[in-house]
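Okay, structure first, notes after.
What follows draws every value from the coordinates through simple rules; no lab data is involved. These figures come from a predicted structure and were not determined experimentally. Glycine gets a Cβ as well: all are built from the backbone with ideal geometry, and neighbour counts include every protein chain shown.
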């Protein structure tokens, strides 16, 4: 197995014996199960489908899709593996899948911040507060030229939606593996709000 899914919990700190502080993000992975299998004969490739949590309200098609289970998973993500045949639908995946000090990458959706101006979104300085300034303090300023080229270039940094994009943070070290609590801890920060889904992949 090379992939695990879970919910981002909170950030904390781990203190080593020499006093070193390690910033740690905890990820809840206690309810991860194999909910499906992709095969070369039917789908053209081999893969496992990992599920997390249970969906409260599901429709008939979802129940039929996961008829081999007694529930419909809230989240489902395909995962790579080395020993495809050793896993069966319904198997529980433990956090000890990842060893301590191994490097992983964590993928999730960043925090959404809505529509933001150029100062918050791009770090613009804005205009001066003096010399008759009244309504341009947080303005982006001019955006185009006059005669040449007489238009605004594509990709101009302007106000717009900020955040809520898929992002991957690479080379995070695994510092906590707890099978009893079902928790994996990685050094550093991972994208997303608390309670958001993240995908952990072992670095090859």
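Observations on the model:
- Gain on full stretching of the segment that runs from residue 91 to residue 15 - 0.36 nm per residue minus C-alpha separation: 23.9 nm
- Order by protection proxy (mean Cβ within 10 Å, highest first), peptides 71-81, 135-145, 95-105: 71-81, 95-105, 135-145
- Helical runs assigned H by DSSP (4 residues or longer) give the chain a calculated mean residue ellipticity at 222 nm of -1500 deg cm²/dmol, each run adding -39500 (n - 2.57) before division by the residue total.
- Length available on full extension from residue 119 to residue 137: 0.36 nm per residue minus the Cα-Cα distance, which gives 5.5 nm.
- Distance in nm between pseudo-label sites at residue 56 and residue 153 (7 Å out along the Cβ direction from Cα): 5.0 nm
- Ranked by the mean number of other Cβ atoms within 10 Å of their residues, highest first, the peptides 29-37, 43-51 fall in the order 29-37, 43-51.
- Measuring how big region 54-113 is from its alpha-carbon positions, Rg and Dmax come out at 15.5, 43 Å.
- FRET efficiency estimate (nearest 0.05) - Cβ-Cβ, residue 164 to residue 203, R0 35 angstrom: 0.85
- Counting neighbouring beta carbons within 10 Å and listing from fewest to most, the residues 106, 174 come out as 174, 106.
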